[in-house]
Amino acid sequence: MGIYHLGIYLLRKKNDTALYFGLICFCGILRNLVLQNHLFLELFPFVGWYWMLRLEYLSMIFLLFFTILYADAFFYQLRKKLIFYSLNFVCFLLAILILFTDVTFFPRYLGIMQTYCILCIIYFLYLIFIGISKKFEYSNQSSQ
């Protein structure tokens with residue numbers, strides 16, 4: 001599905017949702033490969049445990065980041081700019097934390113990361129509920 005949606009995006013650059021969904025699929029694939037590390041280690045035996053753990057956490061953050069962009073592409077007119085930019089900023093901070101701190105440090109914040117994911121899901125459900133209640137048709141920022 002990821003390759004298919006990236007192909008759709010390459011054929012029609014105005015369809016941002018196809019790009020974001022393709023990237024969501026690839027982040028999901030990366031997360032599955034890392035969590036099922038036997039296959040990942042067979043494909044990339046030179047990757048150490050430290051980077052495996054970083055990839056696991058980064059895949060969660062990037063999956064959330066691309067999902068935020070995907071939801072924003074659908075509900076561009078309904079979003080709250082402050083919430084949208086705050087969600088992206090927190091993803092950026094978490095990615096920096098994962099990349100530049102010790103591997104024994106950032107796993108302590110897994111609970112915070114999971115709580116953040118739940119808050120994002122609540123916001124997405126809010127956007128969907130508002131969109132349905134207002135009978136809002138598909139909205140894409142590039143089509144305006």
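The values are calculated or read from the model by the stated rules, or taken from the named source; none is laboratory data. Computed from a prediction, not measured in an experiment: that's the story for all the values here. As a convention, Cβ positions derive from the backbone with ideal geometry for all residues, glycine included, and neighbour counts pool all protein chains shown. Keep in mind that these areas ignore ligands, DNA and RNA; they rest on the heavy atoms of the full protein, side chains included. Shrake-Rupley method; radii C 1.70, N 1.55, O 1.52, S 1.80 Å.
Before moving on, here are some points about what is shown:
- Matching entry among SER59, SER86 (being touching a Leu at 6+ places or on another chain (Cβ under 6 Å), of a type in the set (Ser, Thr, Tyr) and farther than 20 Å from ALA18 by Cβ): SER59
- Qualifying residue in region 12-35 (condition: part of a helix (DSSP H, G or I), modelled with pLDDT under 80 and either open to solvent by 30 Å² or more (accessible area, probe 1.4 Å) or under 22 Å from ILE96 (Cα atoms) (or both)): no
- LEU41 meets each of the listed conditions (1) open to solvent by less than 30 Å² (accessible area, probe 1.4 Å); (2) assigned to a helix (DSSP H, G or I) apart from (1).
- Restricting region 51-66 to residues that are more than 12 Å from the chain's Cα centre (by Cα) and among the hydrophobic types (A, V, I, L, M, F, W, C), the residue that is surrounded by the fewest Cβ atoms within 10 Å (Cβ to Cβ): TRP51
- Filter pass, ILE8 being within 21 Å of LEU125 (Cβ to Cβ) and either free of Cβ contacts under 8 Å to residues at least 60 places away in the same chain or basic (Lys, Arg) (or both): no
- Any hit, region 131-140, residues being β-branched (Val, Ile, Thr) and surrounded by 12 or more Cβ atoms within 10 Å (Cβ to Cβ): no
- Qualifying residue in region 54-74 (condition: at pLDDT below 90, in contact with a helix residue (DSSP H, G or I) (Cβ under 6 Å, 6 or more places away or on another chain), more than 18 Å from PHE124 (Cβ to Cβ) and of a type in the set (A, V, I, L, M, F, W, C)): yes
- Scanning region 67-116 for residues that are open to solvent by 30 Å² or more (accessible area, probe 1.4 Å), assigned to a loop (DSSP other than H, G, I, E, B) and β-branched (Val, Ile, Thr) returns THR101, THR104.
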